[in-house]
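Engineer: For reference, the structure I am asking about is given below.
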Amino acid sequence: MRYLILSDIHANLTALDTALEAAKGQWDKTVCLGDLVGYGPDPNEVIDRVRALGALTIRGNHDKAVSGQADPEEFNPMARNAVLWTRERLRAENLEYIEKLPKGPVAEGGFNMVHGAFHDEDEYVFAPEQALDGLLSAPTPAVFFGHTHIQGGFTLRGEDIGVLRFKPTTGKRSSTLAIEPDMTYLLNPGSIGQPRDGDPRAAFAIADMEKQSVEFWRIPYDIENVQKRMAENGLPEPLILRLSFGR
Ligand code: ZN
């Protein structure tokens, strides 16, 4: 079974559809690590698309805030503004859908899915010392996480922690990682809708646990098209600008 692994779509339909087109025919099942909404201009359209894909989806912190399960006051003012904007626009059945999303970790097809850290869905895993707890707790050789919007991850072999990062390039790209038998992996597919690793292209992964391989993809999409819709909807300027830089 080949899994398409999406995370942090953040209501960016253009990025999602471009990624889906690029990955067409390459996967059997879709999973999503949370944050369908927040920041971007297309919350209903993105939820509709994810539901149509039949994706196994866990909740992210923005999904919780928009559906009233977390306090938007804990967000920075721009993110809060986008949360409130999203809440006003979501159709009732889509609001109900994100409200009912399960909390990670969720096990599926030989791996586990979490939004943030293994034991805390709201915690960010940026550095090896933050990854260690999840690597030691992982019930499967691979755990996929999101939340940081940074493609890559962490490995553990014995007492050695490794960091996985990919160098930004241009055009389409996929890097293949071979899962080794004596290693544990905490892997982030990157963000579809708002990358923050200095590479503005949409990021996702395709995992084949039988073949023990994970492909990390980057796909350019029409960023200006999304920025235009964000501006028309009065979303905060810094959220519009950051898409150009992937920061
Ligand atoms: Zn996010």
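Engineer: Between T169 and R51, what is the label-to-label distance in nm when each label sits 7 Å out along the Cα-to-Cβ direction?
Structural biologist: If labels sit at T169 and R51, their model points lie 3.9 nm apart.
Engineer: Ok, one more. Over the Cα atoms of the range 3-242, compute the convex hull volume and normalise it per residue, giving Å³.
Structural biologist: Working: hull volume 26.7 nm³, N = 240.
Roughly 111 Å³ of hull volume per residue.
Engineer: In nm, to one decimal, how far is the modelled label at E88 from the one at E210, with both set 7 Å along Cα→Cβ?
Structural biologist: 5.0
Engineer: Run the helix sum for the chain: -39,500 (n - 2.57) per DSSP H stretch of 4+ residues, divided by residue count, reported at 222 nm to the nearest 500 deg cm²/dmol. Mind dumping the intermediate values first?
Structural biologist: Working: 8 runs with 77 residues, N = 247.
Calculated mean residue ellipticity at 222 nm is -9000 deg cm²/dmol.
Engineer: Now a separate question. Using alpha carbon centroids, what distance separates the range 111-126 and the range 138-214, in Å?
Structural biologist: Taking the Cα centre of each part, the range 111-126 and the range 138-214 sit 14 Å apart.
Engineer: What order do you get for I219, I5, I47, I192 when you list them from fewest to most C-beta neighbours inside 10 Å?
Structural biologist: Numbers: I219 20, I5 27, I47 23, I192 31.
Ranked by crowding around the Cβ, least crowded first: I219, I47, I5, I192.
Engineer: Further question on the same structure: For the range 57-139, just list the percent of Cα-Cα distances falling in each 5 Å bin from zero outward, please.
Structural biologist: 3, 14, 21, 20, 17, 13, 8, 4, 0
Engineer: Here's something else I'd like to know. Taking θ = phi - 60°, what integer Hz values does the Karplus form 6.51 cos²θ - 1.76 cosθ + 1.60 yield along the range 125-137, in sequence order, with x for Gly and Pro?
Structural biologist: Along the range 125-137, the couplings run 10, 9, 10, x, 5, 7, 8, 4, 4, x, 5, 6, 8 Hz.
Engineer: State the extension gain, in nm to one decimal, for the chain segment bounded by E21 and Y124, taking 0.36 nm per residue of separation less the distance between their alpha-carbons.
Structural biologist: Working it through step by step, the gained length comes to 34.1 nm.
Engineer: Sticking with this one: Note down the nm distance, to one decimal, between modelled labels 7 Å out along Cα→Cβ at K100 and at M78.
Structural biologist: Once both label points are built, they end up 3.5 nm from each other.
Engineer: Filter the cross-link list K24/K211; K29/K103; K29/K211; K64/K167 down to pairs whose alpha-carbon distance in this structure exceeds 22 Å. It would help to have the intermediate numbers written out before the result.
Structural biologist: Details: K24/K211 19 Å; K29/K103 19 Å; K29/K211 16 Å; K64/K167 32 Å.
Over 22 Å Cα-Cα: K64/K167.
Engineer: Follow-up. For G34, what residues show an amide H to amide H distance below 5 Å, using hydrogens built from the backbone and excluding near sequence neighbours?
Structural biologist: Amide H neighbours of G34: D8, I58.
Engineer: Can you sort R91, R242 from fewest to most other Cβ atoms within 10 Å of each residue's own Cβ?
Structural biologist: Details: R91 12, R242 17.
Lowest count first: R91, R242.
Engineer: Follow-up question, since we're still on this one. Rounded to the nearest 5, what is the percent of antiparallel bridges among the DSSP beta bridges in the range 3-242?
Structural biologist: Values: 29 of 41 bridges.
Given both bridge residues lie in the range 3-242, the antiparallel proportion sits at roughly 70 percent.
Engineer: What is the sum of charges, Lys and Arg at +1 and Asp and Glu at -1, for the other residues whose Cβ falls under 13 Å from the Cβ of L239?
Structural biologist: Numbers: positive: R80, R196, R229, R242, R247; negative: E237.
Net charge around L239: +4.
Only the coordinates and a few stated rules stand behind these numbers; no lab work does. Keep in mind that this is a model prediction, so the values were computed, not measured. Backbone-built Cβ (ideal geometry, glycine too); neighbour counts: all protein chains shown.
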